[in-house]
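In what follows, a structure is listed as structure tokens, so that the remarks can point back to it.
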Amino acid sequence: MPAGLVILTALATGLPPADMADVVAARLQALDGLVVDLTLEVYGAHSDTPVLDPAAWDTLWDTLPFRVTILRPNVRVEALKDEPERGYEPVVACIFDGTYTSRHVRPSRRSGRVFYQTLPDVQSGIVRCHPLLQVFDLGIFDAAPPGHLNIVTVLQHPSAILVRSVGGVSTYAASVPMGRFEYTIHFEMDINERGTPLRIKTTLDNDHPDLVNSYYEQFALRTTEVNGAELPVETAVTHWGPKFPHYWTVNLYRVEAVEVRADLSPDDLRIEIVRRDSCVNEHFPDASVHQTEYDEDGRLVWEDRWFSAADSDTGDAEAIKAKHAIRWRMTIPPVAGLIGLSMAGLLTYRSRHNSH
């Protein structure tokens, strides 16, 4: 046996990917029925390489509080920031049976009606702007079809391999094509013996030559024990791309409180649309949008239908950006503008695959 192969075999003594998938799945089962309060701090930095030293994060863009209720695979996310003068108003959203539904907590100042939105895309709205779902192993950020891919399914993918195992930490690699969305996500994951991802690096590799790749790297900085499993309570996710080689961003998630709720039921997560004194936007898989408005007695007073996919593949970058911005403005405008800056390199590909 060649010497190099002997060394590689000696290093790769951890669990095979499929066995580690079982360990991770057991850990996620323990981390179910949780209500988590957390804060997201969004930083920008100038340097050649992302680092985990907060002293290198030279700009704090904003601080955003959330409450996350987990009943896997479903989740409820409450965006709690309330600064109307800056455009921040509370929004509650849920991902239930693969559909995203959101509701503005207060009626619109323009119409006096409560705004609802539904999309068949679980990485939409307030959970589309940053990797919140990935931090809790609820879905890989920007994976398509959204929400169908997490650490377990990556480890179960035919491409998954064990690269090495050192000191109780195993490194796995995989490349998962996103099918008709014309890009592949390459993974490198460091997972400890308890099934906790200590590091997840993803490379979004676009097939189209005009669309640049993008890179994310997630680090579990601190963990705590919940139901006999490790829950990360401080997680940093860095993002950078070749269009901005000397500028990158950090999303820093800090868990403030965790409550174990054995009594959680689907009704605690699900958002029911009330068609009374409300405006409802319903998005469908064929890219059509149906908007309806109802008065205080529940009577339909206005409706319209259109297709959101027009001109999605023209190659006109400004048109794609404008369309992308419109979609984000339907959720929380400041978050869209703020965190959208950190994802400038993804605007074109996101608009492309979300419009299919």
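The values are calculated or read from the model by the stated rules, or taken from the named source; none is laboratory data. This structure is a prediction, so every number in the text was calculated from the model and none was measured. Because the Cβ atoms are built from the backbone with ideal geometry, glycine has one as well, and the counts that use them run over all protein chains shown. Heavy atoms of the whole protein, side chains included, go into the accessibility calculation; ligands, DNA and RNA do not. Shrake-Rupley method; radii C 1.70, N 1.55, O 1.52, S 1.80 Å.
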Mind giving me the nanometre distance, one decimal, between the label points for residue 32 and residue 227, set 7 Å out from Cα along Cα→Cβ?
0.7 nm
Placing +1 on each Lys and Arg Cβ and -1 on each Asp and Glu Cβ in segment 1-160, then taking the dipole about the Cα centre, the residue among 147, 159, 55 whose Cα reaches farthest towards the positive end is 147
Using +1 at the Cβ of each Lys and Arg and -1 at the Cβ of each Asp and Glu in segment 1-155, identify which of 31, 116, 133 lies farthest towards the dipole's positive end.
116
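When the chain is fully extended, how far beyond the present Cα-Cα distance does residue 67 get from residue 267, taking 0.36 nm per residue of separation?
Length difference between fully extended and current span is 70.4 nm.
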Calculate the spin-label point distance for residue 52 paired with residue 109, positioning each point 7 Å from the Cα along the beta-carbon direction, and give it in nanometres.
4.2 nm
Points 7 angstrom from Cα along the Cβ direction at residue 259 and residue 286: gap in nanometres?
4.4 nm
Under 1.5 on a/c is rounded, so check that first for segment 106-154, then, if it is not, pick prolate when a/b is larger than b/c and oblate when it is not; a ≥ b ≥ c are the square roots of the alpha carbon gyration tensor eigenvalues.
prolate
Kindly report the accessible area of segment 147-193 per residue (heavy atoms of protein chains, probe 1.4 Å, no ligands, DNA or RNA), in Å².
43 Å²
